[in-house]
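The values are calculated or read from the model by the stated rules, or taken from the named source; none is laboratory data. Since the model is a prediction, treat every value here as computed from it, not as a measurement. Cβ placement follows ideal geometry from the backbone for every residue including glycine, while neighbour counts extend to all protein chains displayed.
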Amino acid sequence: MSSTPPPSLKAQAFSAVRWTAISAATGAIVQLLQVVMLTRILTPADYGVMAIVAAVLTFPWVLNGTGLNSAFIHRRNVTEGERSSLFWAGVIFALLLGAAVLALAPLIAWLYGDARLLPLLALSSATFLVSGVGAQFRMNAEKHLRFKPMAVIETIAAMASMLVAVLTAWVGAGPYTLVWASLTGALVNSGLSWRYLSADWKPAWHLSWRELKPFVHFGLAAVSSALVSNLNRSLDIMVLGKFVPPASLGLYSVPRNFMYQMQNFVNPIISRVGFPLISSVQTDRARVRSITASTLNMVGALNAPVYAGMALFAEPLVRVLFGGEWHGTGHLLAILAVVGYVRSMFSPIRDLILGVGQAGRELLWNLMILGFYLPAIFIGAWLGPLWLAILLAGATAALLVPAWVGIFRPLADIGAGEFALLVLRPLLLAMLSMLPALLLAREWSQPLMQLVVAAAVAAPLYLLLNLFANRFFVDALLRLLLFRRAAANAPT
């Protein structure tokens, strides 16, 4: 492989990021509308039950969406026979996962002492097969940076899912709202992927273990790491659900899920493109370093104002977004904003590790996170939701040093000073832009006006500060928003 990427790589990357941004933005708006409507229909107890279902399902979802799919993206040349084998292996695996969820549903319902979990998990098992039949078409489009049709499909699926969620909640479906919405989103996504992302390719009736074997070795390392990663992300809900009733769990899970929703909105805009992009230049150390540093720069600059604003304006956000039953959870949202920002700076790690073909290192990293999280989560859950949020924030912040020592320095040659600058600079600029907004917002008593004033003041001030302190971010943002061509000497 040549050490110099194709001349069009930068243009492909910006196009991919642009369409991912459009998909993420529309998805975030749809999710936000869904939260605003559902929190005014469903009760905290409903959300508590749904939180347990979602936490349990993250593990089979990881198995269904990682492994062979990651290996397919990483490998440059895939034959027709290998691709058909991968497709049918994915379908069979999705069937097995659905069967496993169905079989374990009674045990999970017994562990949590809630009979409602049994039918909810049983119905959810159908989602795996529905999603599995379209998975490879999505992976192939992602591998070749074809994010425009994916953005359209994901937007349509998100809107269909929201519509079903609101309608089912309105007619009294309660916790079943989540299941029907997920099933609808998976059905629409897979159907449209089969129709518009197949590029006229259809799987042959062909399945060969010999062809699958090279993908399985890479995939096993990727999926084992992803399982631990999702355990890190879901463990707080799973453990807290054993210590508090569903209503209290719901009051914790809604601001916590909102924090993660914002992370899922911002991070994929940049980091989702990172894996296929790094894979394409994986043997060129200088290019890997440049892509990783640029990714960290953009992720930090995009996330800092989101989480700084979430921390400083937590109470009006809760009042506007969630409604009356959720007042008093603003302090949880403010603390969890720390978790959101630091974890956002970890989002390029997976793309970097898989891109350079060292999937085993990701497992070690996620095991380290688990080691930091276990005592924080168990002690915090025993003490209550507030302490859980505080200890989780402290454990997450403490992981910044291991992230640099174990990942960014050895794999991307990023120095300590540069890493500290990439993490702290956007946060400092965001806080500086928020302080005048915070003072002015206090002149209004209505929460909605406080948020409007804060956004109107902080957004232009943040961009102005970045114009002097982080010109790369402003130039990249303008290119994405204005669809302008990159200058010949623009940074990669």
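Within the range 159-176, the set of residues being among the hydrophobic types (A, V, I, L, M, F, W, C) and either outside any helix (DSSP H, G or I) or under 26 Å from Ala45 (Cβ atoms) (or both) comprises Met162, Leu163, Val164, Ala165, Val166, Leu167, Ala169, Trp170, Val171, Ala173. Considering the range 323-332 alone, what residues qualify as being at pLDDT 85 or above and not in a helix (DSSP H, G or I)? Residue satisfying the conditions is Thr329 alone.
In the range 297-320, the count of residues that are of a type in the set (Lys, Arg) and either within 28 Å of Leu42 (Cβ to Cβ) or part of a loop (DSSP other than H, G, I, E, B) (or both) is one or more. For the range 441-462, the candidate set comprises residues that are farther than 14 Å from Gly309 by Cβ and hydrophobic (A, V, I, L, M, F, W, C); within that set, the residue that is surrounded by the fewest Cβ atoms within 10 Å (Cβ to Cβ) is Leu448. Cβ-Cβ distance below 8 Å, separation of 6 or more or different chains: which pairs start in the range 111-125 with a residue that is crowded, with 17+ Cβ neighbours inside 10 Å and at pLDDT 85 or above and end on one that is part of a helix (DSSP H, G or I) and of a type in the set (Phe, Trp, Tyr)? Within 8 Å, the pairs are Leu120/Tyr176; Leu123/Tyr176. Listed by first and then second residue, the pairs linking a residue in the range 442-471 that is under 19 Å from Asn297 (Cβ atoms) to a residue that is part of a helix (DSSP H, G or I) and among the β-branched types (Val, Ile, Thr), with Cβ atoms under 7 Å apart and 6 or more places separating them unless they lie on different chains, are Leu463/Val474; Asn466/Val474; Leu467/Val474. Residues in the range 145-194 that are on the phi > 0 side of the Ramachandran plot and either touching a residue at least 24 places away in the same chain (Cβ under 8 Å) or of a type in the set (S, T, N, Q) (or both): Leu145, Gly174.
Provide a single number: the residues in the range 324-375 that are within 26 Å of Met310 (Cα to Cα) and in contact with a Gly (Cβ under 8 Å, 6 or more places away or on another chain). Of the residues in the range 324-375, 3 are within 26 Å of Met310 (Cα to Cα) and in contact with a Gly (Cβ under 8 Å, 6 or more places away or on another chain).
Going through the range 286-305 one residue at a time, which ones are of a type in the set (A, V, I, L, M, F, W, C) and surrounded by fewer than 19 Cβ atoms within 10 Å (Cβ to Cβ)?
Ala286
Val474 meets all of the listed conditions (1) at pLDDT 90 or above; (2) assigned to a helix (DSSP H, G or I) but one, namely (1).
Every residue, every condition in (1) among the small types (Gly, Ala, Ser); (2) at positive phi; (3) surrounded by 19 or more Cβ atoms within 10 Å (Cβ to Cβ), yes or no:
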residue: Trp326; (1), (2), (3): no, no, yes
residue: Met345; (1), (2), (3): no, no, yes
residue: Tyr373; (1), (2), (3): no, no, yes
residue: Leu386; (1), (2), (3): no, no, no
residue: Ala389; (1), (2), (3): yes, no, yes
residue: Val405; (1), (2), (3): no, no, no
residue: Ala416; (1), (2), (3): yes, no, no
residue: Ala420; (1), (2), (3): yes, no, no
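Evaluation of Leu435 against the conditions (1) at pLDDT 90 or above; (2) in a helix (DSSP H, G or I); (3) under 20 Å from Met298 (Cβ atoms) shows that the sole unmet condition is (3).
Restricted to helices (runs of 4 or more DSSP H) entirely inside the range 337-411, those with at least 2 residues that are within 20 Å of Ser253 (Cα to Cα) are 359-383, 385-398.
Of everything in the range 175-195 that is in contact with a Leu (Cβ under 7 Å, 6 or more places away or on another chain) and either more than 18 Å from Val56 (Cα to Cα) or not aliphatic (A, V, I, L, M) (or both), the residue that is modelled with the lowest pLDDT is Pro175.
Count of the range 126-172 residues, restricted to those that are under 13 Å from Leu197 (Cβ atoms), among the small types (Gly, Ala, Ser) and modelled with pLDDT of 75 or more, is 2. Evaluate the following for Leu352: is it buried (at least 21 other Cβ atoms within 10 Å of the Cβ) and farther than 30 Å from Ala247 by Cβ? For Leu352, the condition - buried (at least 21 other Cβ atoms within 10 Å of the Cβ) and farther than 30 Å from Ala247 by Cβ - is met.
Okay, residues lined up against (1) at pLDDT 75 or above; (2) crowded, with 21+ Cβ neighbours inside 10 Å:
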position	(1), (2)
Gly219	no, yes
Ala226	no, yes
Pro245	yes, no
Arg256	yes, yes
Asn264	no, no
Gly274	no, yes
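Of all residues in the range 286-344, those being out of contact with any helix residue (DSSP H, G or I) (no Cβ under 8 Å at 6 or more places or on another chain) and among the polar types (S, T, N, Q) number 1.
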